[in-house]
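One structure below.
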Amino acid sequence: MINPGLSSLFIFLVFVASLLAVEAKKAFRAVLFMSLAGLLTAVIFVLWKAPDVAMTEAAIGAGFTTFLFLMALNRIRGKEK
Amino acid sequence: MGHEWLSLWSFLYGPLSIFLVGLYGLLTQKNLIKMAISINIMDYGVNLFIISLGYVPSAEAPIYTDAVKTYLPVFADPLPQALVLTAIVISVAVTAFILALTIKIHSQYGTTDLTKLGEMEL
Amino acid sequence: MKKVIALLLFLGLLFFLGTGLEQGLKLGDRNTLAGKAGEAYLKRTVNSADPSASPSQVEYGSETDIEENAANTLTAVVVGYRSFDTLGEVTVLFLAATGVMALFFASGKKKRLALAKPNFILSVSSGFLLPLIILFGAYVFTHGHLTPGGGFQGGTIIAAAVLLLYMAGNAYKAPATGLKVLEGFSGAGYLLIGLAGLLLTGFFLNNFLPSGKMGALFSAGVIPVVYILIGLKVSAELSGIVSDYMGED
Amino acid sequence: MIMQNPVLLIAVPLLLAFLIPVFSSFFKGAVRFIPVLAGGFNVIAAALLIPQASGDVAVTEIGGWASAYGISLLFSSQIGYMILAVNLTALLAIFYYILNERDLGSPLAYPIAFTLALSGANGMIMTGDLFNLFVFMEMTAIAGYIIAVHKKGYLGTFRFVVLSSVGSAFFLIATASLYNATGFLNMAMAGKNLGALSTPFISVISVLFIMALSSEAELLPLNGWVAPVYRESSGAGSVFFASVFSGAALFAVIKVMLIVFGINYAYVHQGLLVLGLVTLAAGEAAAFKQSNLKKMVAYSSIAQSGLIIAAVAAAMRSGVLHNGLFNAALFQLINNILAKALVLLGIALLGQATLKEIGGAGTRKKWLGVFISAGVLSLIGMPGFAGFWSKLFLVRELVGNRMFVFTLVFLLAALFEAYYYLRFLQSLFLGKSTTAASLPKTSWVTYILLFVLAALIILIGFAPDVIIRAVSGLSLGGVL
C-alpha cells in the first residue's frame, strides 16, 4: 500500500504547475511549467505502478513535446525580431 | 477513514481538476501557443485519470519477473496503462501538428494572438 | 468577466463530473481486477472457456504455450490483445508526421536552421554518445516484451540521437526521403505481419510464431518483431518531425 | 474465405498509404492514383460483402481474441450499405481530386490523408470496441486536419484541431470510466454491465460520449469548426467532410447509443433528442442567412446531423426500438451522404464563392446545372428523388408515433431548407452574374462522376424499396 498522502501531494503539485503554465504571462515560462507538470505526471505513474507509461510520458510527453514547443517559440521569435 | 478524502482527491478530483485547468486555459487564453499548452495539460489530466482507474491496492507493475512468477492478485490493471500509452502518442502527434500550424499562422499573419487574428480573418 | 465565467464553468464541470462518476467508479482501495478484461489479460485466459474464473496457468520461465507468453503484460496488451489499436496509433503518428511535413514543405525551400554556435562539448561528445544512445534505444525496443519499455520509448530515444546530431553541428541534415521510406516500409511490415496472420491462421494480426519460454529474449511470438518495427517506425517519424522543425522557410 | 474478412476494408487502404512514400521515390506521378486504388478496392469489397451479410450483426475478431476481450469488427448488411455509400462518395471525390485539383505543398500529403481517411471512416463504422473507436476517430480527425489545411486554411484548421482535441479528451474520460465500472471496452459487454450502475453515473457518461462525438458528427456543442473549414477546403476536401467524416461519425454515435446505452435509458435519449432538435434549428437558421455557398451547405450539413440524431433518439426513447423511425433515419443519412456529395462537387466546379457570383451559371453550363439541381432537389425532398422518400418516411413515422413537436420542428426546418436551396437554384438559373470571370472548364470525365451520383439519387427516388429493404428489419443491437 503506497502512502495516499504521497500521490495526492504529487497530484497537487501537477495541479499547481499546470495552473502556473496556463496563467503564465510569458510563453517560454508556460512551456517550462508544462514540462514540469509532465515530469511530475511521470513520477505519479511510477507511484501507481505503470513504469512503461512513465517512461513514455517522460520521453515523449515531457521530453519530445518540450522540444517541439521550444522550437516553435524559437521560430516565432526569430520572425518577430 | 482519514484516507478517504485524500484518495478521492488523488484518484478522482485531482486528475479531473488538472483536466479542467486545461479546458479553462483553452477558454481564457488568446495566444495560440498557450492554447496548445492547455491542450497538453488537458491530456495530462486525462492520462492521470485513466491510470488512477487502473490502480489496485498494494499493486505491482503488471510484469512477470523472478519475484512474481505466477498470477497473484497484486497486479495493477494493464488495460488502462495500454490506453494511456496510446493516448500519449496520439497527443504528441496532435501537438506536433498544432505547433506546425501555429508557426505557419504566425508566418502568414505575423501574430499568434487570437483576437488580432479574428479581426484580420472575419 | 470571461475569466469568471470560465471559473464557474470549471467548478460546475468538476462538480458534475466528480459527483456523477464517483457513484459508479471503483477507486483506489475499492478497485479490484475481478471480472475485468485486464484480469483476463494478466491471467492469459482470454481464449479459455471462462476467462474470469479459470485457474491461472501462467508461469515465468516456463514454456507452457499460452497466449504469446510475453512477460510484460502491458506489452502483451499493446502488441497482442489490442494490437489493432496500436496499428491505428502508429498510423496516427504517421499522419501527423505527414501533416507536419506538408505544412513546412509548402514554402518550398528545405534548408536547415543554423544554430548560433554549436556547443563545443556537445559536438565533441556526440561522437561517442551517439552509438551508445542508439544502442540503448535498440535495447529498449528489443526487450519490450520482458522489461518496461518498447517500440515507442526506444523509438523516441533514437530520435533524441538525431536531435543530438542537429545540436552538435550545423553541417548535419537528416535524410528526409530516407526517413519517409523507412516509415513506409516499417508500417507496411507491421501490416504484412497482420495479413500473414490472416492468411495462416484466419485472424488479422494473429500470432503465427512459436511463443517460447516466458522471460526469454526469443519468446512471445510475433510481439518482439512487431515492437522492433514500431521502434523503427517511431524513430523515423519523430526524427522526421525533428528535421522538419529544424528546417527553415 | 479470407477475402470475405471485413478487416480488409481497413487494412488494404492502410497498406497502400504506408506504401505511398516508398512508391514516391520510384514513380513520382503515380502517387496520386493510390487513393483511387484504395477507394476502388473498398467499393468492390463492400459490394461483394453485402450479399453475404445478413441482417444480424456478424462479429469478426481481430487477432483471434474472444470478442468480449479483444477488438472486434461488426458487419451486417446495414453496416455494409453505410460503408458502400461512404466509400463510393469518397471514391468519386478522389477522382474529382485527380482530375481537377493540384497539389499544394507536399505531393504526398493529400493522397496519404485521403487513403487513411478511408480506413479511419470504415473503422469508425465497423468497430465494436470503444477505445478502438477512439483510435479511428483520431485517425480520421488528423486526416481531416491535413485535408482542411491543404488550401492554407490555417485558422479554420486550428479551430478544428482544438475542438476535436477537447472532444477526444471527453471520449477518453468516458471510455476509461466505463471500463472501470463495467470491466469491458467491448461495446456490447459494457452495455450489458451498464444496468447495474446508478443513474447519475450513466447520465454523466452519456453526456461525455455525446460531447466527445459531437465534434466530428457536427452536432452542437463542439461544431464551431464546420463553417470555416468547409469554406476554406477544396472541392474534394469538402465532400470528405460532408459525406465521409460526418457520415462515419454519425453512424458511430448511433452505434454507441444503440449498443452501449440501448433502449433502456429514456433520459439519455430525451437529452439527445433535444440536442438534435436544437442543432437542427440552429443549423437551418444559420444556413438561411448565408450567402457563401460552401458555408450554406456546411450549416445545412450541421442541421441534417441534428435531424438524424434526433430521429434516432426518438426511435429509442420509449423503451422499444421503433424500427420504422430508426430505419427512416438511416435512410435519410445515406441519402444525405449522396446528395451532399453531388451538390458540393457541383459548387466546386462552379468555382465561385457566393450566391451572387454564380448568377446565371446554370444556363451557361447546362449539364452542370442539371446535376446540381438533382442534388438540391433531393436534399429538399422533391418527389422523384431519393430525399423525398426518406423525408416522407420520417414524417409518417413521427406522426404515427405521435411526436408532434418533433414533426413541427422538422417541417419548419424543411421549409427553411427548401427556401434557401431554391434561392440557390434561382440564382443559378435566373440570376445575373456580378463577376466577369468565366467559369472554369469541366472535362467530360468529371460529368461522369456527377452523373453517377445523380443517377443513384434518381434510381433510389424511383425504387426506394431497394434501399429500404436493405436497411429495414435490421437492428444493430440485441445481437452479440
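The values are calculated or read from the model by the stated rules, or taken from the named source; none is laboratory data. This is a predicted model, so every value here is computed, not measured. Note: ideal-geometry Cβ built from the backbone for every residue, glycine included; neighbour counts use all protein chains shown. These area figures cover heavy atoms from the full protein model, side chains too; ligands, DNA and RNA do not enter into them. Shrake-Rupley method; radii C 1.70, N 1.55, O 1.52, S 1.80 Å.
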So B:Gln108 ticks every box in (1) surrounded by fewer than 24 Cβ atoms within 10 Å (Cβ to Cβ); (2) more than 7 Å from every other protein chain (Cβ to nearest Cβ); (3) in a helix (DSSP H, G or I) but one. Which box is left unticked? (2)
Counting only helices (runs of 4 or more DSSP H) wholly inside segment D:293-378, the ones holding at least 2 residues that are modelled with pLDDT of 90 or more and touching a Leu at 6+ places or on another chain (Cβ under 9 Å) are D:293-316, D:323-350
Is it true that C:Ile228 is in a helix (DSSP H, G or I) and free of Cβ contacts under 8 Å to residues at least 60 places away in the same chain? no
Residue within segment D:227-246 that is without any contact (Cβ under 8 Å) to a residue 60 or more places away in the chain, over 16 Å from the mean Cα position of the chain (by Cα) and open to solvent by 10 Å² or more (accessible area, probe 1.4 Å) present: no
Between B:Thr102, B:Thr86, which is crowded, with 22+ Cβ neighbours inside 10 Å and in contact with a Leu (Cβ under 7 Å, 6 or more places away or on another chain)? B:Thr102
Within segment A:15-60, the count of residues that are farther than 30 Å from B:Tyr64 by Cβ, touching a helix residue (DSSP H, G or I) at 6+ places or on another chain (Cβ under 7 Å) and more than 7 Å from every other protein chain (Cβ to nearest Cβ) comes to 7
Checking C:Ser62 against (1) open to solvent by 10 Å² or more (accessible area, probe 1.4 Å); (2) at pLDDT 90 or above, which single condition isn't satisfied? (2)
State whether the residues of segment B:24-32 include one that is closer than 25 Å to C:Thr98 by Cβ and modelled with pLDDT of 90 or more. yes
Six or more apart or on different chains, Cβ under 9 Å: which pairs go from a residue in segment A:1-30 that's under 23 Å from A:Arg77 (Cβ atoms) to one that's at pLDDT 90 or above and surrounded by fewer than 14 Cβ atoms within 10 Å (Cβ to Cβ)? Could you list them? A:Leu20/A:Arg29; A:Ala21/A:Arg29
Long-range neighbours under 7 Å by Cβ, at least six apart or interchain, first residue farther than 24 Å from C:Lys233 by Cα within segment C:118-144, second open to solvent by less than 40 Å² (accessible area, probe 1.4 Å) and at pLDDT 80 or above: C:Pro118/C:Ala168; C:Leu122/C:Ala168; C:Ser123/C:Ala168
Among the residues of segment B:34-73, the number that are closer than 15 Å to A:Asp52 by Cβ, within 9 Å of chain C (Cβ to nearest Cβ) and β-branched (Val, Ile, Thr) is 2
Looking for something open to solvent by 20 Å² or more (accessible area, probe 1.4 Å), at negative phi, at pLDDT below 90 and among the polar types (S, T, N, Q) - is there at least one such residue anywhere in segment D:252-272? yes
Answer yes or no: is there a residue in segment D:137-146 that is over 17 Å from D:Ala242 (Cβ atoms) and either charged (D, E, K, R) or outside any helix (DSSP H, G or I) (or both). yes
Specify which of the listed residues (C:Ala171, C:Ala176, C:Ala220) is surrounded by fewer than 22 Cβ atoms within 10 Å (Cβ to Cβ), of a type in the set (A, V, I, L, M) and farther than 23 Å from D:Phe23 by Cα. C:Ala171
Check on D:Thr175, farther than 17 Å from B:Phe97 by Cβ, touching a residue at least 12 places away in the same chain (Cβ under 8 Å) and assigned to a helix (DSSP H, G or I): yes
Provide a single number: the residues in segment D:400-424 that are of a type in the set (A, V, I, L, M, F, W, C), assigned to a helix (DSSP H, G or I) and over 24 Å from the mean Cα position of the chain (by Cα). 3
Can you name the residue in segment B:59-99 that is of a type in the set (Phe, Trp, Tyr) and part of a loop (DSSP other than H, G, I, E, B) and is also farthest from C:Gly150 (Cα to Cα) among such residues? B:Tyr71
Which residues, counting only those in segment D:12-42, are among the aromatic types (Phe, Trp, Tyr) and open to solvent by less than 40 Å² (accessible area, probe 1.4 Å)? D:Phe18
It is to be established whether one or more residues within segment C:129-143 are surrounded by fewer than 22 Cβ atoms within 10 Å (Cβ to Cβ), modelled with pLDDT under 80 and either in a loop (DSSP other than H, G, I, E, B) or within 11 Å of chain D (Cβ to nearest Cβ) (or both). no
I'd like the full set of residues that are open to solvent by less than 10 Å² (accessible area, probe 1.4 Å) and small (Gly, Ala, Ser), limited to segment D:206-226. D:Ser206, D:Ala212, D:Ser214, D:Ser215, D:Ala217
Name the residue, out of D:Lys366, D:Lys356, D:Lys391, that is open to solvent by less than 50 Å² (accessible area, probe 1.4 Å) and basic (Lys, Arg). D:Lys391
Just checking, which of B:Trp5, B:Trp9 is open to solvent by 20 Å² or more (accessible area, probe 1.4 Å), among the hydrophobic types (A, V, I, L, M, F, W, C) and facing another protein chain (nearest Cβ under 7 Å)? B:Trp9
What single numbered condition from (1) surrounded by fewer than 18 Cβ atoms within 10 Å (Cβ to Cβ); (2) within 22 Å of the chain's Cα centre (by Cα); (3) in a helix (DSSP H, G or I) fails to hold for D:Gly55? (3)
Given the structure, is C:Glu68 at pLDDT below 85, in contact with a His (Cβ under 9 Å, 6 or more places away or on another chain), assigned to a loop (DSSP other than H, G, I, E, B) and more than 7 Å from chain D (Cβ to nearest Cβ)? yes
Of the conditions (1) touching a residue at least 12 places away in the same chain (Cβ under 8 Å); (2) surrounded by 18 or more Cβ atoms within 10 Å (Cβ to Cβ); (3) in a helix (DSSP H, G or I), D:Pro6 clears all except one; give me its number. (3)
Which of the residues belonging to segment A:70-81 are more than 7 Å from chain C (Cβ to nearest Cβ) and surrounded by fewer than 24 Cβ atoms within 10 Å (Cβ to Cβ)? A:Leu70, A:Leu73, A:Asn74, A:Arg75, A:Ile76, A:Arg77, A:Gly78, A:Lys79, A:Glu80, A:Lys81
Can you name every one of the helices (runs of 4 or more DSSP H) wholly within segment D:184-242 that holds 2 or more residues which are at pLDDT 90 or above and within 13 Å of another protein chain (Cβ to nearest Cβ)? D:187-193, D:199-217
If we keep only residues of segment A:43-53 that are in a helix (DSSP H, G or I) and open to solvent by 10 Å² or more (accessible area, probe 1.4 Å), then the residue nearest to C:Ile157 (Cα to Cα) is A:Pro51
Any hit, segment B:45-62, residues being aliphatic (A, V, I, L, M) and more than 23 Å from the chain's Cα centre (by Cα): no
